[in-house]
Structure formats: C-alpha cells, structure tokens
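Values in this text are rule-based calculations from the coordinates and carry no lab data. Not measured: the values here are computed from a predicted model. A quick note on method: Cβ atoms are made from the backbone with ideal geometry, for glycine too, and the neighbour counts reach across all protein chains shown.
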Amino acid sequence: MWCSEATDSGIMEMLEIEINAANYALSSNFLALVEPAVQSILSIKYFLKQVPH
C-alpha cells in the first residue's frame, strides 16, 4: 500500500463513525419496535395484579 498511516487511520475513523451511526440507528429502531410491546406486557401484568384472585 502506498498510502500513509495517517490516511489509513483516517479511513478507519470514518468507518468507525459510520458503524456507530448504523448501530445507533438500529438500536433506536429496535427500541421503537420493542417499547410498545414491553409497555403492553407491563400493563397486562399490572391488570392481572389488580384482578382479585
């Protein structure tokens, strides 16, 4: 490779930023999908606790 160390580390930093951005997007989408399900499970559990056995 003819490119210098600086160029390599710059490319690596760019890739890292891209990967972090992708991970953030995935995790926030994941949370957006999961949160309503968790909320409904919690409310069902709460409801079941309220019902006299």
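For this structure, a couple of remarks:
- Student exercise, the chain dipole from Lys, Arg, Asp, Glu Cβ charges, in Debye to nearest 20: 740
- The chain: angle of helix 5-50 to the longest principal axis, Cα-based, in degrees nearest 10: 0
- Computing Rg/Rh (Cα atoms, Kirkwood Rh) directly from the structure and comparing it against (1) 1.52; (2) 1.17; (3) 1.07 singles out (1).
- Over the chain: helical MRE at 222 nm, DSSP H runs n ≥ 4 each giving -39500 (n - 2.57), nearest 500: -32500 deg cm²/dmol
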